[in-house]
2 protein chains.
Amino acid sequence: MNSNHSGDEIERLIDLLAKLPGLGPRSGRRVALALIRKRETLLAPLAKAMAEVADTVAECSVCGAIDTRDPCGICCDPARSGAQLCVVEQAGDLWAMERAGAFKGRYHVLGGVLSALDGVSPEDLRIPDLAARVKADGVEEVILALNATIDGTTTAHYIADALEGTGASLSTLAQGVPIGGELDYLDDGTIMAALRARKAF
Amino acid sequence: MNSNHSGDEIERLIDLLAKLPGLGPRSGRRVALALIRKRETLLAPLAKAMAEVADTVAECSVCGAIDTRDPCGICCDPARSGAQLCVVEQAGDLWAMERAGAFKGRYHVLGGVLSALDGVSPEDLRIPDLAARVKADGVEEVILALNATIDGTTTAHYIADALEGTGASLSTLAQGVPIGGELDYLDDGTIMAALRARKAF
């Protein structure tokens, strides 16, 4: 791939861009060309934004979210209730919850899910932190908003055991037909879960 | 989209990433998360590589290629013959030709194709430069390696007219079945061109 026909700096940029999720060598080149073509409006601002994020962003020491402040904006927000705690796998899931805009409590970001295969244990996942936080802050409800995967469900069960005796009530996101979803395209498990959890119309 | 739940720096990074070709708001967020997760190995080096490219890269004043040197590495290379000149639309096409590794002459990058619809005229495309270069450098062969699109073909015909009387011979890339191509998946125009240009076996 390195043919040195365009300068080492460009080759290095393409190699790094090709490592981004969803990109590869071909789209890396395409992005590099677009960046160079829009040097003033895209390349320079993006380089600056990346350097700023690299310098300022850290994990919130309270909830594990990614933010430029520590504690993060959500943990510091007095308008948000500390009585409700939403447990998510990744910072991206927190962002998705915030886009939905329905939750006004605080978060706890695990940083992954339990996985014997990948050697992920409860200590790797801020689960001990979660139990300590629930006890210390007097949390009333813990909402488990983990992904509806096997690992996510296993982790949810483990957390339920770990929080036993803390006095906090546990809940989990409802499962069913997604808004706009067509039955014909849904998997059998979802249809079964939606049927079991059917409600009066 | 801006909900200020993760710091303005991260929002700005996502907005800029979403403008890259092939990305959008959703994949912009995914890339931003991946960058933040790999801050040391990906985010910081990429920010540095982008800043370096923004500072050093320019169009070659001779051929229009993108390089950190001016004239570019190809124009300066004494091992490459100036008697053959390959005309391409974009710097990305030059990279593609170089990856193929079959051409040992020099290039002329137009920077686009003629388009009445988009108001692209010959003056926007370094075509006058090309004619001057062919005359001044004693170029023997001009290879038109433009895309096989309507605009590309129109531009090729215009260049052929503009180079009339310079004494340089003109050629163009062969059209036919691509290597590994299956007839069933090829369009009719390509099959027709391949049949017309058939050669003895």
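The values are calculated or read from the model by the stated rules, or taken from the named source; none is laboratory data. These numbers were taken from a predicted model, which means no experiment stands behind them. When we count neighbours, we look across all protein chains shown, and the Cβ atoms used for this are built from the backbone with ideal geometry, even at glycine.
See the values below:
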| item | result |
| --- | --- |
| Test result for B:Thr68, surrounded by fewer than 17 Cβ atoms within 10 Å (Cβ to Cβ), under 26 Å from B:Arg106 (Cβ atoms) and either at the interface with chain A (Cβ under 7 Å from one of its Cβ atoms) or touching a residue at least 24 places away in the same chain (Cβ under 8 Å) (or both) | no |
| Condition met for A:Ala49 (at pLDDT 90 or above and either at the interface with another protein chain (Cβ under 9 Å from one of its Cβ atoms) or under 18 Å from A:Leu16 (Cβ atoms) (or both)) | yes |
| Residues of region B:121-150 satisfying the condition of being surrounded by 15 or more Cβ atoms within 10 Å (Cβ to Cβ) and either at positive phi or polar (S, T, N, Q) (or both) | B:Arg126, B:Asn147 |
| Those residues of region A:21-55 which are surrounded by 15 or more Cβ atoms within 10 Å (Cβ to Cβ) and polar (S, T, N, Q), in sequence order | A:Ser27 |
| The lone exception for A:Glu123 - which of (1) part of a helix (DSSP H, G or I); (2) within 11 Å of another protein chain (Cβ to nearest Cβ) it fails | (2) |
| Which numbered condition A:Val109 misses (of (1) in the same structural domain as A:Ala148 (by TED's automatic domain parsing); (2) without any contact (Cβ under 8 Å) to a residue 40 or more places away in the chain; (3) not acidic (Asp, Glu)) | (2) |
| Residues satisfying the stated conditions in region B:166-185, i.e. within 18 Å of B:Lys199 (Cα to Cα) and in a helix (DSSP H, G or I) | B:Leu183 |
| Test: residue in region B:156-165 that is outside any helix (DSSP H, G or I), over 20 Å from B:Gly112 (Cβ atoms) and of a type in the set (D, E, K, R) | yes |
| Selection count, region A:159-171, where residues are crowded, with 16+ Cβ neighbours inside 10 Å and among the polar types (S, T, N, Q) | 1 |
| Those residues of region B:111-120 which are hydrophobic (A, V, I, L, M, F, W, C) and surrounded by 12 or more Cβ atoms within 10 Å (Cβ to Cβ), in sequence order | B:Val113, B:Leu114, B:Val120 |
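For every residue, the table says whether it meets (1) in contact (Cβ under 8 Å) with a residue 24 or more places away in the chain; (2) of a type outside the set (Val, Ile, Thr); (3) surrounded by 15 or more Cβ atoms within 10 Å (Cβ to Cβ).
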{"position": "B:Ala96", "(1), (2), (3)": "no, yes, no"}
{"position": "B:Gly101", "(1), (2), (3)": "no, yes, no"}
{"position": "B:Gly152", "(1), (2), (3)": "yes, yes, yes"}
{"position": "B:His157", "(1), (2), (3)": "no, yes, no"}
{"position": "B:Gly176", "(1), (2), (3)": "no, yes, yes"}
